[in-house]
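Below you'll find the structure, written out as structure tokens, and then a few comments.
Coordinate-derived values only; no laboratory data. Keep in mind it's a predicted model, so treat the numbers as computed, not measured. Because the Cβ atoms are built from the backbone with ideal geometry, glycine has one as well, and the counts that use them run over all protein chains shown.
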Amino acid sequence: MTQKKSKKGAWIALIAVLAWLGLVFALDQLIKPTDKLGMLLIVLQKGSVYALAAVSMNLLNGYTGLFSLGHAGFMLLGAYTYAIFTIPDKNRDTVYQYFHAVVRFSIPEKLSQGMGGFGTALGVLIALLLAGLVAAVMAYLIGLPVLRLKSDYLAIATLGFAEIIRAVFQWSKLGPVTNGSNLLKNFARVSKFKLELGGTKLSLSTFVPVLIATVSITLIVLIVNSTYGRAFKAIRDDEVAAEAMGINLAKHKMLSFVTSSFFAGVAGATLAMVLSIAQANNFKSAMTYEILLMVVLGGIGSITGSVIGSMLFVAASEWWLRGLDSGSFLGIEAPGVFRNGFRLVVFSIIIMIVVLFFRKGIMGEKELPDLFRRKKKAAPAGKEAAE
Amino acid sequence: MSEEKKQVLKVENVTMQFGGVVAVNNFSLEVNEGEIVAIIGPNGAGKTTAFNVITGVYAPTNGRVFFNGDCVIENFPRGKMKKLYKGENAGLYSHTLEPTPDALTLKGMARTFQNIRLWKSMTVFDNILIAKHARRTSNLFSAAFRGNRKEEAAQRAEVEELLSVVGLTDVKNELATSLPYGKQRRLEIARALATKPSLLLLDEPAAGMNPQETQELTRFIGQIRDQFGVTILLIEHHMDLVMDISDRIYVLDFGRMIAEGTPAEIQKNEKVIDAYLGVVDDAED
């Protein structure tokens, strides 16, 4: 019976995901970036990137109980890997204006020579995976010494790593690869993604980042609901008991850390895609804190929560509260008060209120399906129905 | 090293020292297949420390542990592999073999804890299901893409079966911590059994239970020994329970073993009466 239920749940989830992607694709065509609602597209783009970053951090902090603050570092690795391998050859020299670039091939360009548009898309996908892999390999190397540490110590060590990575990438000696402290640009970015169907050009600039985030988050959900996800939670709840029940702590912590970093790398690459630039200076520890804030606001240990948290965070800071910086907000004209920086004051107060009233974040440890289940009052079916 | 009968566990001259404190001193123990063996002794006698050494939580200062005939833990004397020139072991090589608890669990040891350590945020069902993780054959990818459906279904069926054996089927979807104390203890035992052990180590399974619950537990322990064919080593303070079900008893005091024998022998042992039992008048039933 359980089996049947979970199958039905899987179908519902699949249909919901497809409907969501269809909606985003439609919005991408209907709304022009210059429209009044154009901000919605930007929120969707950035929000989905941050949602992916937050969910991947949640996998580590919320599900495995490893308090790590190295996320910005892994995102940086992903962003740079992606950017370096997708800058077209003809743009190389203008981007690396002070250095002689070493990496002199662009994966999408190479593939597009043989396969056209499909090759470009494949190239972008390969570059994305490469971005994740570089972050994952680095996570493995960092994890070997660092994962022996616990709680705060782990947080400090990973934070230190992220800062070191940022400094190294700005080092002028590495300029031929990283372009020093200058930014990387002109690589494959969302504003260039178009789909040509019978002469009409369809915009993909919002659809692509949302698609990447959706697929990645789906993968994380699958991992979390698998036997490995349960083992991660066991480690979070009680390490000693987990070890006594045959769960290899070192191995599982490493698995979680590497998986989380892989998706952080993909998120970093997608962020570069959305922002059209990659610059080490953007990946400060403040970015890690922002992501952590989204996780905490949404609910530590809830993937739905992380997604909602990051969407709300991005929407509020980029869109809804904009007026507070530029003079008029909700029809109130107060240029004297609503000036640069006032937005942040209001934003901080909102965050404090949310944290006060939702002690465990917006979602707590619940997921989206749990909400429906409770409404139907289908007995305490628990987690097992989620396969 | 294993001669005579089929030995499940053999502890050989184990010493566990924390700084200047010798928690367990030159402790030896043997458990044969199908036996229920108890370790008793006053508080602070080193019983739980001995457990922690056997299950790999602590690496002993000295000594060896054999499990199913294989040497699984060895510190002889502690240190890297090198030839010894002095002392009683001159001419031999020192060894260290310090497995982590999970490795020993895979070999077939499973334990419960003195102060119940269930996974608090999870249901009764999930608590047992996670213990099945150790016996998986899937890797992260096959598990994520549900390549392990068959295994997962089999595991779930096994968990259901285990739940019905320990009588927790009706509460399987409740949070582990919402159960009454006695049921939490049962759940912990069920969780240990889910790892398919050949040796089950119970650390004070009756702690905090009333006489009636203790009696039920006594029956329950005997039942799981017969049903699952496990050998049981337990630490307990409830003498009724210990005398009732143990085949043999080891008595620890201040880290030293002061007596060993059948329940009847132990009850008459002067040293044990002095150190632990006190005047025995109502321990008969």
task = Rank by packing, highest mean first: peptides B:120-129, A:57-66, A:313-322, with packing defined as the count of other Cβ atoms within 10 Å averaged across residues.
result = A:57-66, B:120-129, A:313-322
message = Explain nothing, just compute: Karplus ³J(HN,Hα) = 6.51 cos²θ - 1.76 cosθ + 1.60, θ = phi - 60°, for every residue of the range B:164-172 in order, whole Hz, x for Gly and Pro.
response = 6, 5, 8, x, 10, 4, 6, 10, 5
query = Between residue B:15 and residues 5 or more places away or on another chain, which pairs have amide H atoms under 5 Å apart, with H built 1.01 Å from N, and which residues are they?
reply = B:26, B:27, B:61, B:62, B:63
Nonlocal amide H pairs with residue B:253, under 5 Å, H built at 1.01 Å = B:258
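Pull up the DSSP beta bridges for the protein assembly as shown and report the antiparallel fraction as a percent, rounded to 5.
Roughly 70 percent of the DSSP beta bridges within the protein assembly as shown come out antiparallel.
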task = Would you please give the residues with an amide H less than 5 Å from that of residue B:231, counting only those at least 5 places away or on a separate chain, with H modeled from the backbone geometry?
result = B:34, B:199, B:200
Per-residue mean of C-beta atoms belonging to partner chains within 10 Å, peptide B:193-199 = 1
message = Please report, ordered by residue number, every helix of chain A (full DSSP H runs) that is 24 Å or longer along its axis going by C-alpha atoms and whose mean Kyte-Doolittle hydropathy reaches 0.5.
response = A:2-30, A:38-58, A:117-146, A:151-169, A:207-224, A:249-275
message = Give me the inter-chain shielding for B:122-128: mean count of other chain Cβ atoms within 10 Å, whole number please.
response = 4
message = Run the helix sum for chain B: -39,500 (n - 2.57) per DSSP H stretch of 4+ residues, divided by residue count, reported at 222 nm to the nearest 500 deg cm²/dmol.
response = -9500 deg cm²/dmol
query = In whole angstrom, how far apart do the alpha carbon centroids of the range A:205-224 and the range A:225-266 sit?
reply = 21
query = Once the dipole of the range A:219-353 is set up with Lys and Arg at +1 and Asp and Glu at -1 on Cβ about the Cα centre, which of A:234, A:252, A:293 lies farthest towards its positive end?
reply = A:252
task = Quick one: go through the range A:31-58 and flag any residue whose amide nitrogen is under 20 Å from the point 7 Å out along the Cα-to-Cβ line of residue A:368.
result = A:40-58
query = In peptide A:227-240, how many Cβ atoms from other protein chains are near each Cβ within 10 Å, on average?
reply = 6
note = Phi-derived 3J(HN,Hα) across the range B:99-114 with the Karplus relation (6.51, -1.76, 1.60, θ = phi - 60°), rounded Hz, x for Gly and Pro, is x, 7, x, 5, 5, 5, 4, 5, 6, x, 9, 9, 9, 10, 10, 4
task = Please get the size of the charge dipole for the protein assembly as shown, origin at its Cα centre, with Cβ charges of +1 on Lys and Arg and -1 on Asp and Glu, quoted in debye to the nearest 20.
result = 3460
key: Integer Hz, Karplus 6.51/-1.76/1.60 couplings in order for the range B:185-191, x for Gly and Pro   = 4, 4, 4, 4, 5, 4, 4
